[in-house]
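Some notes on the structure that comes next.
The values are calculated or read from the model by the stated rules, or taken from the named source; none is laboratory data. Since we're looking at a predicted model, the values are computed, not measured. Cβ placement follows ideal geometry from the backbone for every residue including glycine, while neighbour counts extend to all protein chains displayed. Please note that ligands, DNA and RNA were not included when accessible areas were found on the heavy atoms of the full protein model with its side chains. Shrake-Rupley method; radii C 1.70, N 1.55, O 1.52, S 1.80 Å.
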Amino acid sequence: MENLVTGIVAGAATDVERIRPSHKSSSRTTTKKTIMKNQVESARHLHHFPHRYLHKHHQHEASIGFISNEDLAARLIEGYLPTIVIDVRDDDVTGRQIRGALFCPEHCFGPKQVQRLVQKANETRVQCNTGISNHKCYVVFYCRDSVKKSLRCAYKFHQALSDMGQIHGISTKVLRGGAESWFKSYETDHRLVQDFDDTFSIGCSKQNHGTNNDITSR
């Protein structure tokens, strides 16, 4: 990561050097300084907060990406692309939920739940991929703002996929902006929002969140 940051900073300096104003102008000088400042600042953010800046050229290294409201909404409405949504909220649960989401609070997302989620993702992929299609199954995690809980669960799930050799068929995603952004965008769209329902989970015990149902029944 340090090498990556060093390379970006060096590239920023090179890019600025290439900008040669044809005449002395305060506006051009300001532009050069702004470019360098922005690129160096981006490098620092990438170093300190790598999970917040999953650049498209480096996603193959992290293999966890953010998905926008628009992209997830399209997958859910169209219905033919294999997609599973996991609600990992706990004490921040409100009265609403992304339609069709499976419920598993972060504190309950252990090895047993990960195994069952992998099984469910593979089943969904087989069901949706008919004929010659071979789409990856998107497993999308979300919490209130998708900054802490969903990211931790996503990394745990992806690590398990890697250990099991399943990363080629299942893609781990985090919903950008989380539940707050989703409900703000689609509050009145009943295709995308439903009342909170913890009936379907991934095998958490009843004492943990009030249900003992399993996602394999869905």
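Of Lys136/Lys156; Lys112/Lys149; Lys156/Lys184; Lys112/Lys173, which sit over 25 Å apart, Cα to Cα?
Lys156/Lys184
Step through the residues of region 116-123 one at a time and calculate ³J(HN,Hα) from phi using the Karplus curve (6.51 cos²θ - 1.76 cosθ + 1.60, θ = phi - 60°), rounding each to whole Hz and writing x for Gly and Pro.
Calculated HN-Hα couplings, in order: 5, 5, 4, 4, 5, 5, 5, 5 Hz.
Can you give me the long-range amide H partners of Phe200? Hydrogens built in the peptide plane at 1.01 Å from N, cutoff under 5 Å, separation of 5 or more residues or another chain.
Phe103
Quick one: what are the phi-derived ³J(HN,Hα) couplings along region 72-86, Karplus 6.51/-1.76/1.60 with θ = phi - 60°, whole Hz, x for glycine and proline?
With coefficients 6.51, -1.76 and 1.60, one gets 5, 4, 5, 5, 5, 6, 5, x, 9, 8, x, 8, 10, 10, 10 Hz.
Taking the simple approach of a point 7 Å from Cα along Cα-to-Cβ for both Asp145 and Lys184, what is their distance in nm?
The two pseudo-label positions are separated by 1.1 nm.
Using the Karplus curve 6.51 cos²θ - 1.76 cosθ + 1.60 with θ = phi - 60°, work out ³J(HN,Hα) for each residue of region 137-142 in order, rounded to whole Hz, and write x for Gly and Pro.
Ordered by residue, 3J(HN,Hα) equals 8, 8, 10, 10, 9, 8 Hz.
Amide H neighbours of Phe66 under 5 Å, at least 5 residues apart or on other chains, H built in the peptide plane: list them.
Val174
How much of Lys149 can a 1.4 Å solvent probe reach, expressed as accessible area in Å² and rounded to 10?
Counting only protein heavy atoms, the figure is 40 Å².
If DNA, RNA and ligands are ignored and the probe is 1.4 Å, what is the ranking of Thr94, Thr83 by accessible area, most exposed first?
Reading off the accessible areas and sorting them downward yields Thr94, Thr83.
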